[in-house]
Amino acid sequence: MRGNVKKILWFVILFVFLVQLLTTPAQAGLQIWPGKLTISMPEGYPTERISYLIQVTNPYTYSVNASARVENPDMQQLTTNYSYIPDISWITVEPETLYLPANTSSTFKVFLDVPKSERSSYYNTSWETWVVISSDKPAGDTGGLVFQVELAVKLFIHTPSRQNEPTAGIFIILIGVIITSGVIYILLKNVRKNIPGK
């Protein structure tokens with residue numbers, strides 16, 4: 001009889017534990033938009049740094065601090081035909097941390113700035129890196145299960161092709177000016193030769 005009471009007691013404890021576990025609300029972090037950013041430079045490298053916005057929404061009834069960092073994905077997660085950005089410091093996020101009251105949204109600003117000294121080495125390339133966004137634990141006791149979820153915005157960066165670079169146009173114009181000046185000089189010289197008395 002005593003063995004049956006122990007079994008029933010363990011069964012009741014296990015049942016209460018499972019009911020508590022299955023009925024506890026689970027909360028899983030922030031929402032972001034967009035999930036992917038594609039940065040193309042069809043007109044060549046810009047003169048100023050490129051910027052894009054990432055919207056972060058806190059859908060819950062408590063405040064959180066959201067933070068953002070730039071990192072490269074694992075090699076297995078890297079998209080086919082993309083490589084890592086040569087220097088991750090070329091991408092920055094401002095601010096590094098956002099305070100999000102309950103049920104509000106705010107934005108991180110992502111900047112891309114390839115140094116001028118490096119640009120000539122990187123034409124017709126495709127890079128992938130991620131902006132990873134995470135939140136701290138909720139302020140106050142919310143109860144339930146809280147999952148610390150990190151979300152990533154994938155950045156796909158396409159560098160310009162060499163023929164679209166503005167310096168190529170400048171060289172073509174310069175060559176045209178030199179050829180035109182040479183033709184005018186030769187014509188003027190021939191005209192002076194043909195003028196009697198010169």
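Screening 61, 38 for residues that are among the hydroxyl-bearing types (Ser, Thr, Tyr) and not in a strand (DSSP E or B) leaves exactly one candidate, 61. In segment 110-131, the residues that are on the phi > 0 side of the Ramachandran plot and of a type outside the set (Val, Ile, Thr) form no Cβ pair under 6 Å with any partner that is outside any strand (DSSP E or B) and at pLDDT 95 or above, whether six or more places apart or across chains.
Would you say residue 35 is in the same structural domain as residue 131 (by TED's automatic domain parsing), at pLDDT 75 or above and exposed (fewer than 12 other Cβ atoms within 10 Å of the Cβ)? Against the criterion (in the same structural domain as residue 131 (by TED's automatic domain parsing), at pLDDT 75 or above and exposed (fewer than 12 other Cβ atoms within 10 Å of the Cβ)), residue 35 qualifies. For segment 93-122, a residue qualifies if it is more than 14 Å from the chain's Cα centre (by Cα), closer than 30 Å to residue 60 by Cβ and either of a type in the set (S, T, N, Q) or not assigned by TED's automatic domain parsing to the domain that holds residue 64 (or both), and the qualifying residues are 97, 103, 104, 105, 106. For residue 186, the requirement of being at pLDDT 85 or above, in a helix (DSSP H, G or I) and either in the same structural domain as residue 85 (by TED's automatic domain parsing) or loosely packed, with under 12 Cβ neighbours inside 10 Å (or both) is not met. Which residue is surrounded by the fewest Cβ atoms within 10 Å (Cβ to Cβ), if the candidates are limited to segment 49-93 and must be of a type in the set (D, E, K, R) and under 22 Å from residue 124 (Cβ atoms)? Checked segment 49-93; the qualifying residue surrounded by the fewest Cβ atoms within 10 Å (Cβ to Cβ) is 87. Just to be sure before I move on: is residue 123 surrounded by 17 or more Cβ atoms within 10 Å (Cβ to Cβ) and closer than 22 Å to residue 40 by Cα in the structure I sent? So residue 123 fails the test.
Residues in segment 123-131 include none that are modelled with pLDDT under 70, under 23 Å from residue 69 (Cβ atoms) and under 26 Å from the mean Cα position of the chain (by Cα). Residues that are within 18 Å of residue 160 (Cα to Cα), among the β-branched types (Val, Ile, Thr) and not in a strand (DSSP E or B): does segment 89-103 have at least one? Checked against the condition, which is being within 18 Å of residue 160 (Cα to Cα), among the β-branched types (Val, Ile, Thr) and not in a strand (DSSP E or B), segment 89-103 yields no hits at all. Without any contact (Cβ under 8 Å) to a residue 40 or more places away in the chain and on the phi > 0 side of the Ramachandran plot, is that true of residue 103? Answer is no for this residue. Exactly one residue out of 180, 159 is more than 30 Å from residue 83 (Cα to Cα) and modelled with pLDDT of 85 or more, and it is 180.
The values are calculated or read from the model by the stated rules, or taken from the named source; none is laboratory data. Please read these numbers as outputs of a predicted model, since none were measured by experiment. As a convention, Cβ positions derive from the backbone with ideal geometry for all residues, glycine included, and neighbour counts pool all protein chains shown.
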